[in-house]
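Below: the structure, in structure tokens.
Throughout, read-outs are computed from the coordinates displayed, never taken from laboratory work. Keep in mind that what you see is a predicted model, and the values were worked out from it rather than measured. Here the Cβ is made from the backbone with ideal geometry for all residues, glycine too, and neighbour counts use every protein chain on show.
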Ligand code: FES
């Protein structure tokens, strides 16, 4: 057994739980489709992973940090939105602003399976939601 490298040269990390333990991908993927699973991502920032309808992980994770003033926020499955409790900002399932005062879409990270674990990397491409360079790069 070779332990996976936890920190990659590109600054990527393996997803952990709130106690700092690596999370097996199988644990996340056992959740039903549509689940937003909160993990510790880059810089230990809480990050939502999405279970897709085909029981795979969505290739991007959404950082749980409101672009207004940085509150964390829950996923509301009934409204199909992320809803910030601090000042009422709302985001669609891809992290686009539906209602302000949040000025910008939520930050993305790249999500890939690596053996038993989930690698989270800095987002380097264009923002697929805007077709432009990400505001956070
Ligand atoms: Fe989220 Fe203000 S910090 S709406």
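Assuming a ≥ b ≥ c are the square roots of the Cα gyration tensor eigenvalues, decide whether the stretch 55-102 counts as rounded (a/c under 1.5), prolate (otherwise, with a/b larger than b/c) or oblate. Write down the numbers at each step before the final one.
On the way: a/c = 2.05, a/b = 1.61, b/c = 1.27.
Prolate.
Shown here is the pair-distance distribution of the stretch 1-96: with all Cα-Cα distances grouped in 10 Å bins from zero up to the longest one, the shares run 15, 44, 32, 7, 1 percent.
Among 36, 90, the order by Cβ neighbours within 10 angstrom, fewest to most, reads 90, 36. Among beta bridges identified by DSSP and lying wholly in the chain, the antiparallel ones come to about 100 percent. Using the rule -39500 (n - 2.57) for each DSSP H run of four or more residues, divided by the residues of the chain, the 222 nm mean residue ellipticity is -500 deg cm²/dmol.
Remark: relative contact order (the chain) = 21 percent; criterion is Cα-Cα distance under 8 angstrom and separation of 6 or more residues. Contact order for the stretch 88-135, expressed relative to its length and based on alpha carbon pairs under 8 Å spaced 6+ residues apart, stands at 22 percent.
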